[in-house]
Amino acid sequence: MYTPRGTPSSGRRQTPRTGGRKSVSAVQPGLPFSPRRSAFTARSTPTRVQSHAAVESYHFDVQTYGSSLPVKVMEALTMADVDDQISVKVEASGWAWMVCGERLIIWKVSHTSVAKLSVCKDLQLPSSEFAYSADLISITSSNPLDSAPIQSISALAVSPDGTARFWPSLTHDGTYTETSLDLNGHVCNYVAAVKGGSFIVSSYRGHLLRLTPDSSGKLYQRPVQQGQGMLSGIGRRVSSLFGIRGQPADLTVFSVLWVKETGCLYSLSSCGLSKWEVDENSETQVLSWSTNQIITDSITDAIWDSESNYSEIKKGVNVSYLDMQYSKVGLVVLAAAWYPGDTPCVAYFCLVTLAESTAPSPDLLTVEVTKYNPPFQSEEELQKTRLVLPDPSSPAAYLYNEELVFTCSTVAGRGGLTEEKISFSSPDRIRGGGVCTGVPVFFTQNCGLVVVLPKESASLLPETMEDSLCTSVAGPGPEGTPLETPPKIDLVAQEDRTKLLKQAFLQFCRRDVVGAQSMVDELFPSDGEGGAELDAVVTQIDLDLVDDYPACDPRWAESVPEEGAGFTLTSLILLHQLEDKMKAHHCLMDFLLQTGLLDRLTSTTVRKSPIATRLLLCEHAEKLSAAIVLKNHHAKHQDLVNTAILSALKKNSTDIPANLTPADVFFREVSQISSIFECLLDEEEKVLKEHSDAARWAEVVLNVNDIVKDMLQAAAQYRETKASLYRAPENCGPEPEYIPWTASGGVGGVRTVITRQHELILRAAYPHADAELRGVLSEQLVVLLDSLLSGYVAQLTSLRRAGQQERYVTLENEYTQKRSELLAPLLELGQHQWVAALAEKYCDFDILVQLCERTDNQSRLQQYMVKFADQNFSDFLFRWYMEKGKRGKLLSQPVATHQQLSSFLQAHDHLSWLHDIHVQDYQRAHRTLYSQANMETRYFSKKKTLLALSKLTALASDMPEAVHRRQLNGDMVSILTCISLASSCCPVCVGVDIVEQERFLLHQETLPKQLLDEKQLNPDSMPLLSPRNLIDLYICHENRGANEYDFKKALDLLEYLEEEDAVNIDSLKREIFSKALKKDWKESWSSSDDNDDPLEAARDSTFVKILQKLIQEGVSLQSYLPDVKDLLQEEELESLKSKPYFEFLLRANYEHYLKAQI
């Protein structure tokens, strides 16, 4: 008989040849091989017809797929020998190949019914004593296969006995390389093209090889890495806990699967399930789970659990593993079980779903026993049955063998297919199958490629939902029954576009895509107006859908409005009702996408704010996800959830019909699901107040946390995983600010609820909890805070566009403050691990720095500098040190951060010179200190210190000697423009030499101590005084001990006065001399005799000593001294002008010293 051997990505057993060649048993003892044989007595010629008349089905249509088969395929089928095994494989990429004897034909499937020239290559396989299977062939390309040109496609074929033939390009079908594979003498059963243009080859004994071709087409082989995951190297006992086990020598492989979408390779063997993560050049085994006994026990329980002799049956049940495919919920294994003691003995075909997990558990396994239960003949007959899953996200499944296709589901009842056996009458036989364009495609001997699909009358919507939709469009038909067909457009009021669009949606769900598109084009022409109306209509339809009444539930019969939404749900179980709503929502999204309406949606209003309509549709689905989670919790915590539901319904003033439960009413209106949060917190707070029993309130708090966080996580997960479905179209205009419902504020808003729960836990629960409970509470709270902060991030992201800067800054400030308020208490409580996780994720640098400071973890700080380098974490850290006064830590940073610190300190000259000295950049430190000294106008001691340090760093620097001299000991330079007067704050000239500035400062430094005490000036804190201030101090009457030095300093200070000071220097000079003369008169001149020698009388006076010092310094008294007449007019000397002796002494000494200088 012919044995089907073609389904994508599943390794199968090969059938050996006979006829004078080596027997199979000599090569592979123990494997169920049989000689090639055929039940056909004549060749069959394939034909192309539009429907498969020989196949009858009540629920399904069997139709030809695509255009006619290539001539070479039809020719091969016609010319095939009776003992030639025919095996076909169809890939999702649109490529198919057929193995007929030692002939391989590869072609590109044409999806349309219009015949056109198809790409087709006829290749010769290596000679082998065993029969080939399509599973031993694979193709690859550097381009996506569905669009790859023929010249870029390579093919590999491996004979059952291990000879590999590789065609680098299908364009040159006569050019290939050949090599012998090291499979330890075992038969090959599987070939798959994986990443990097390489292939995986498997044998029945579990030998896996990685084949990689070079540029010339030569194949290099190496064993696939075994047990090289992150847990490799640990002991056998420990590794078994994590699902990593060794491989026994007698291993038998049942099925091998390559999943391109995830980049993972799976192998199901007598040891169980193994998994590898495959990248471009290597592979890592991440799982080895002993599943066989678990699967056997689960299947046995599912089938024979109710039998009275169950214990005896369990010992004798046999299970055969037939095939394995990938679905979004896990791997689906096709297995057949039989008990020889049954009369008659029946083979039960089962679909076993293994949910993937890093910690395998029996709880992750589900068994669906199909209704396909043929009489048991032999295990070899069972092995002919294969599995096809057209859509990894759908439970729809197809089993097939040579004679039939059986439709079923991986999960009972929810969105799967009606179970039906579709038989193909002899001599037609199924030779292989697969998935193409998302539909199940099978290759039959007579008709080529056929597709098995539900009949068009079967809607995509859950069961009878389409009938209710029809009712909402046109109203009930006779005797209240829904219309059997959608009403014509002229039967519906033209102004009611909502009903019309529902009708188009219904047609789409009935697979009348053309009719649906026609209605859409008429309702909302692409060149017409009505954008806002389109948004309103679509929003209303989706809202009607998620808030639909389960009218088929007889308890709701009196509660469904006559003008209801019309998406009547068929299930009486709340959880299934929610799942049906989710499926219907996805149907609506598919309808909007395929009809072009999705990209035309703009915005609508919800919660008094505008929102992009597509995001509002996503919100509806998120709430459905959250409602499903809440319903699951409802089953676990009925008292708590029921109390909250009653409270929510009461707050919304919602009536509860007598024949319905509060849960029925609450879960019907999914759009209001978030109202449960506040009510849960109310109940929690009530328990905390009323119950002192720690166990009681702890249970309530933990349960409330679990419910809220699980609902929010479900919504967030849906938003993330389905983001592409609701993405904005290209070249989309500015959209409104996006505030997710999980981030809504105000009374009852989720953001408000989480903030309240945060305060409630830390105030009322955490202080009274033990260490273990505190850990759990912290973990739950962190998940809630993660949800709150992620909402802020989504909101801020939507504002990153022109025209929203002000709103963005305001919200960012709110976000920063709220983030700190939420994380700081956890930091205070010592929950460092959780705080770090959130602070790192949401870039709260202040919390991260505080955490590192508290734990004195400098290495972690350095890690953050690297991790957040693009966000200027180092600048934040340096600024934090400055603000907290931790300048020692700021200036003691590791060498690796010196460049960043230097850049930061450029704006902080008062510290940068310290860092420059630390890194021995003395010249730069000198320039900074010198600049700081010139800018200092407030404090005398600070300016003096800065100048001194500037001089020291200049001396320590490596600047040229000439520059040293110019900076430190240059010629006298006028510094009239270089002293910033405290009163005027004039600019500073950086080029003034340091020594000259120090000379000026010396005048202030040498002020008499008695005078400073009188003026209450502290030398360490007194301000920097101007030249005029210093002059006034030196000549004031409080300077009672003033001598010639003080008055001479006052005269010297006249040089430092600037024009901007608006001071008459000659007048000030007269004032200085007049005060000196007045002091002399009081102290000595007034007591002199009029007959004394005037020179002798004034010899020890301050005035004369000043003149003598001026002469010593070479000052010309003739030009320097004020005129005597002008001097006598000074106010200070007003009382002495009437004393002739005073004038006599003054004139005599004037005359003497002027002549003496001449």
Only one of Ser357, Ser393, Ser378, Ser361 is outside the structural domain of Cys264 (by the TED database), among the hydroxyl-bearing types (Ser, Thr, Tyr), loosely packed, with under 14 Cβ neighbours inside 10 Å and modelled with pLDDT of 90 or more. Can you tell me which? Ser378
Need at least 1 residues that are modelled with pLDDT under 75 and in contact with a Gly (Cβ under 6 Å, 6 or more places away or on another chain) per element, so show me which helices (runs of 4 or more DSSP H) inside segment 433-536 make the cut, counting only ones lying wholly within it. 465-474
Among the residues of segment 857-873, are any modelled with pLDDT under 90 and closer than 30 Å to Ala769 by Cα? yes
When every residue in segment 141-154 that is part of a strand (DSSP E or B) and in contact with a Pro (Cβ under 9 Å, 6 or more places away or on another chain) is compared, the one nearest to Arg103 (Cα to Cα) is Ser154
Out of curiosity, is Ala157 in a strand (DSSP E or B) and touching a Pro at 6+ places or on another chain (Cβ under 8 Å)? yes
Does Glu402 satisfy being touching a Lys or Arg at 6+ places or on another chain (Cβ under 9 Å), over 19 Å from Tyr326 (Cα atoms), modelled with pLDDT of 85 or more and not in a strand (DSSP E or B)? yes
Criterion first (in contact with a helix residue (DSSP H, G or I) (Cβ under 8 Å, 6 or more places away or on another chain) and either within 25 Å of Thr444 (Cα to Cα) or not in a loop (DSSP other than H, G, I, E, B) (or both)) does Val367 satisfy it? yes
List the residue pairs whose Cβ atoms are under 6 Å apart, where the first residue sits in segment 300-316 and is in a helix (DSSP H, G or I), the second is open to solvent by 60 Å² or more (accessible area, probe 1.4 Å) and among the basic types (Lys, Arg), and the two are 6 or more positions apart or on different chains. Thr300/Lys314
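From Tyr766, Tyr808, which residue is closer than 20 Å to Gln871 by Cβ and in a helix (DSSP H, G or I)?
Values: Tyr766 fails: closer than 20 Å to Gln871 by Cβ.
The unique qualifying residue is Tyr808.
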Selection count where residues are surrounded by 17 or more Cβ atoms within 10 Å (Cβ to Cβ), in contact (Cβ under 8 Å) with a residue 24 or more places away in the chain and either in a helix (DSSP H, G or I) or not acidic (Asp, Glu) (or both), scope segment 1123-1150: 10
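Condition first: out of contact with any helix residue (DSSP H, G or I) (no Cβ under 8 Å at 6 or more places or on another chain), open to solvent by 30 Å² or more (accessible area, probe 1.4 Å), in a helix (DSSP H, G or I) and not hydroxyl-bearing (Ser, Thr, Tyr). Can you find one or more residues in segment 691-706 that meet it? Explain how you work it out, then say what you get.
Within segment 691-706, the first condition is being out of contact with any helix residue (DSSP H, G or I) (no Cβ under 8 Å at 6 or more places or on another chain), and the residues that meet it are 692-693, 695, 699.
Then keep just the ones that are open to solvent by 30 Å² or more (accessible area, probe 1.4 Å); that gives 692-693, 695, 699.
When the remaining residues are screened for being in a helix (DSSP H, G or I), the result is 695, 699.
Filter once more, keeping what is not hydroxyl-bearing (Ser, Thr, Tyr): 695, 699.
Yes, that holds for at least one residue.
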Filter segment 381-390 down to the residues that are open to solvent by less than 10 Å² (accessible area, probe 1.4 Å) and either touching a helix residue (DSSP H, G or I) at 6+ places or on another chain (Cβ under 9 Å) or assigned to a loop (DSSP other than H, G, I, E, B) (or both) and list them by number. Thr385
Here's a check for you: in segment 827-873, which residue that is part of a loop (DSSP other than H, G, I, E, B), more than 20 Å from Leu796 (Cα to Cα) and among the polar types (S, T, N, Q) is nearest to the chain's Cα centre (by Cα)? Gln831
Note on Leu592: of the conditions (1) touching a residue at least 60 places away in the same chain (Cβ under 8 Å); (2) farther than 25 Å from Val704 by Cα, unmet is (1)
Tally the residues that are open to solvent by 10 Å² or more (accessible area, probe 1.4 Å) and either touching a residue at least 40 places away in the same chain (Cβ under 8 Å) or not in a strand (DSSP E or B) (or both), restricting the search to segment 322-352. 12
Give the number of residues within segment 599-618 that are buried (at least 21 other Cβ atoms within 10 Å of the Cβ) and in a helix (DSSP H, G or I). 6
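The values are calculated or read from the model by the stated rules, or taken from the named source; none is laboratory data. Quick caveat: nothing in here was measured; it's all calculated off a predicted structure. Please note: Cβ atoms are built from the backbone with ideal geometry, for glycine as well, and neighbour counts cover all protein chains shown. Surface accessibility is based on the protein's heavy atoms, side chains included, excluding ligands, DNA and RNA. Shrake-Rupley method; radii C 1.70, N 1.55, O 1.52, S 1.80 Å.
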